[in-house]
Amino acid sequence: RNALADKLRQALDRQQEPDPAEAIAVRDAVARLDPSQAELVRLIHWDGFSITEAATIMGLNASTARGRYAAAKGRLRALIGEAASVT
């Protein structure tokens, strides 16, 4: 138990706080997604669900969710890239 607690402390010490500007850029980019893509991204990344679990929550089949998630990731990359080039 103590060894596990030590490993957890070490892992937490290595984590860094996100850059506030990056966090804002990501939040704004997610807000600009199609609402169904944004919900899927939030369920997966903010709520910690798997793609399959998020699909079930949203009433989608898993393959539709995977395709929608892939499209959302591509759009997010583009939106975040646009925000980075503006600053």
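Distance in nm between label sites at residue 36 and residue 64, each 7 Å beyond Cα in the beta-carbon direction?
Modelled inter-label distance: 0.6 nm.
How would you order 48-55, 1-8 from highest to lowest mean count of nearby Cβ atoms within 10 Å?
Numbers: 48-55: 16.1, 1-8: 8.1.
By packing density, highest mean first, the sequence is 48-55, 1-8.
Dipole size in debye (nearest 20) for the chain around its Cα centre, Lys and Arg Cβ +1, Asp and Glu Cβ -1?
Values: 12 positive and 11 negative charges, 57 e Å.
About 280 debye.
Taking only DSSP H segments of four or more residues, each worth -39500 (n - 2.57), what value at 222 nm results for the chain once the sum is divided by all its residues, to the nearest 500 deg cm²/dmol? Intermediate values should be presented prior to the final figure.
Values: 5 runs with 65 residues, N = 87.
Only helices count here, giving -23500 deg cm²/dmol.
With every protein chain kept in place and ligands, DNA and RNA left out, what is the accessible area per residue of the chain? Probe 1.4 Å, answer in Å².
Working: 6380 Å² over 87 residues.
Per residue, the chain has 73 Å² of solvent-accessible surface.
Can you figure out the FRET efficiency of residue 1 with residue 56, using R₀ = 25 Å and their beta-carbon distance, to the nearest 0.05? Don't skip to the end; give the middle numbers.
Numbers: r = 35 Å, r/R0 = 1.39.
Rounded to the nearest 0.05, the efficiency is 0.10.
For the chain, what is the convex hull volume of its Cα atoms per residue in Å³? Show your work: numbers first, answer last.
Working: hull volume 10.0 nm³, N = 87.
Normalising the Cα hull of the chain by residue number yields 115 Å³.
So what is log10(I(q)/I(0)) for the stretch 39-87 at q = 0.14, 0.16, 0.31 1/Å, when the Debye sum runs over its Cα atoms only?
-0.38, -0.47, -1.08
Could you work out how far apart the two model spin labels at residue 17 and residue 45 are, taking each label as a point 7 Å from the Cα in the direction of the beta carbon, and quote it in nm?
It is 2.1 nm.
For the chain, which whole percent of the accessible surface, found with a 1.4 angstrom probe, sits on carbon and sulfur atoms? Display every interim value, and only then the final one.
Details: 3430 of 6380 Å².
C and S atoms contribute 54 percent here.
The values are calculated or read from the model by the stated rules, or taken from the named source; none is laboratory data. Remember, it's a predicted structure, so these values are computed and weren't measured experimentally. Cβ: placed from backbone, ideal geometry, glycine included. Neighbour counts: every protein chain shown. Side chains included, ligands, DNA and RNA excluded: accessible areas come from the protein's heavy atoms. Shrake-Rupley method; radii C 1.70, N 1.55, O 1.52, S 1.80 Å.
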